[in-house]
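Accompanying notes for the structure given below.
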Amino acid sequence: MQGKVDVAFNLRLVRQRIAEACWRVGRDPREVDLIAVTKAVDPERMKQALAVGLNVFGESRVQELVRKYPDFPGVRWHFIGHLQRNKVKYLAGRVELVHSLDRWPLALEMDRQARRHGGVFRVLVQVNTARESGKFGLLPEEVGGFLREVAGLKGLQVEGLMVMAPFSSDPEEVRPVFRETRALFGRLARETGVTMRYLSMGMSGDYPVAVEEGANLVRVGTAIFGPRECMLKEG
Ligand SMILES: *Cc1c(COP(=O)(O)O)cnc(C)c1O
């Protein structure tokens, strides 16, 4: 069991900070959707979140999502973590949006599984805007060409971009990463035929800055559920 955390209180604070970030830059807070990142969060605490009105959950491990899935009917699941090709089949029909498309072989497998399932995977392309070595995501200059190739796959529908900013204790340091990703998002919307709806950026440490820079999906775990000190065992 995880320690006592007041999910309702935390959630009010997060929503308040999102609203304040919006007001600072003249945005409507209703443009920003909050994804509650439930990785390593126990089901009890997830039920508290449901009780206070959160119903979009983000998971970063396929096994954990599949295990929790049957206990939360009506929840809208987003997959936000690195995705292995051999796990794609478990996500078909379960998730609303995959944030982490980052390579062509994965696109091919997602296309294949979507068709088998008679549906479409809605996806965001993950961008490594900060060019961190060893991190997932396409480089900014690769995304345009990638979108043109993926456009030929009927089982995939690209709806935007996702970025993870480098870790920093000072959120101001990552502002340029968000700003550059936002600029890329706008450029791709103009130059490719793709309807870019979602810009997924911002986590517990930096979501107000991400919202100021144009994020409309934020992925927040710790700030809602507390620290993930007790990792759930993989079952
Ligand atoms: C874990 C995770 C988050 C949430 O992280 P917090 O710092 O707990 O808010 C967001 N996005 C991705 C891709 C993650 O893996």
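State in Å² the accessible area per residue of the range 7-234; use a 1.4 Å probe, count heavy atoms of protein chains only, and round to the nearest integer.
Numbers: 10730 Å² over 228 residues.
On a per-residue basis, 47 Å².
Which whole-angstrom value gives the distance between the alpha carbon centres of the range 38-64 and the range 70-121?
Cα centres, the range 38-64 to the range 70-121: 18 Å.
Taking all protein chains in place and a 1.4 Å probe, what share, in percent, of the accessible surface of the chain do carbon and sulfur account for?
The computed percentage sits at 51.
What does the highest-first list of 171-183, 199-211 look like by mean Cβ count within 10 Å? Before the final figure, lay out each step's value.
Working: 171-183: 18.0, 199-211: 24.3.
The densest-packed peptide leads the list: 199-211, 171-183.
Two decimals is fine: what is log10 I(q)/I(0) at q = 0.14, 0.17, 0.18 Å⁻¹ for the range 7-234, from a Debye sum with one equal scatterer on every Cα and no solvent?
Per q value, in the given order, log10 I(q)/I(0) is -0.88, -1.30, -1.44.
The values are calculated or read from the model by the stated rules, or taken from the named source; none is laboratory data. Quick caveat: nothing in here was measured; it's all calculated off a predicted structure. For neighbour counting, all protein chains shown are included, and Cβ atoms are generated from backbone atoms with ideal geometry for every residue, glycine included. These area figures cover heavy atoms from the full protein model, side chains too; ligands, DNA and RNA do not enter into them. Shrake-Rupley method; radii C 1.70, N 1.55, O 1.52, S 1.80 Å.
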